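The values are calculated or read from the model by the stated rules, or taken from the named source; none is laboratory data. Note that the structure is a prediction, hence the values are computed from the model and not measured. Counting neighbours? That spans all protein chains shown, and the Cβs are built from the backbone with ideal geometry, glycine included.
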Amino acid sequence: MAAASEKSITEEEVFMAIGSLKNGKAPRMDGLTKEFVIAFWPSLKTMILDVCNEIWRDQKMPYSFKLGKIKLIPKLDVPKQIEDWRPITMMSIIYKNICQDLCHET
C-alpha cells in the first residue's frame, strides 16, 4: 500500500476515468459535466491532476468534496405524492467520478 501511494496518478489515468463516465448526466455540485471537462481538458488537466494527486498523496479528501446536494427529479409530468419523485445526490465531479474511481482501482 505504501509503495502504491508514493506513485502519482497519471494524466492518462484521470482522462480514462473521465472518459468512462456516462454522457448526458446532470452537472455535479461543482457545476461540471463530463462533456465540459473533456471539452476543456487542455485547460483543466493540470488543476484536476494536481487535486487528484494531492488527495492521493495525503490520503485525505477535502470535506467540501464529500458534501452532496439532494435534488428531487419528478418521475411523472405532474407529481402528486412523494413516490412520484426520485432523489439524486449531486457531488463534486472530482470526488464522485474521478478520484473515487481511481482509488478503487488499486
Within the stretch 21-48, can you find the residues that are closer than 20 Å to ILE88 by Cα and not charged (D, E, K, R)? LEU21, ASN23, GLY24, ALA26, PRO27, MET29, GLY31, LEU32, THR33
If I filter the stretch 9-22 down to residues being surrounded by 13 or more Cβ atoms within 10 Å (Cβ to Cβ) and of a type outside the set (Val, Ile, Thr), which single residue comes out as modelled with the lowest pLDDT? LEU21
How many residues does the stretch 63-72 contain that are more than 11 Å from MET90 (Cβ to Cβ) and at pLDDT 80 or above? 2
Of all the residues that make up the stretch 47-82, how many are under 23 Å from LYS25 (Cα atoms), in a loop (DSSP other than H, G, I, E, B) and over 14 Å from the mean Cα position of the chain (by Cα)? 5
Only one of these is surrounded by fewer than 15 Cβ atoms within 10 Å (Cβ to Cβ), in contact with a Lys or Arg (Cβ under 7 Å, 6 or more places away or on another chain) and at pLDDT 80 or above: ARG86, ARG57. Name it. ARG86
Across the stretch 21-46, the tally of residues that are more than 19 Å from PHE65 (Cβ to Cβ) and either within 12 Å of the chain's Cα centre (by Cα) or not in a helix (DSSP H, G or I) (or both) stands at 4
Among (1) surrounded by 15 or more Cβ atoms within 10 Å (Cβ to Cβ); (2) in contact with a Phe, Trp or Tyr (Cβ under 8 Å, 6 or more places away or on another chain); (3) of a type outside the set (A, V, I, L, M), LYS25 falls short only on (2)
Residues located in the stretch 83-97, provided they are more than 14 Å from the chain's Cα centre (by Cα) and of a type in the set (Lys, Arg): ARG86
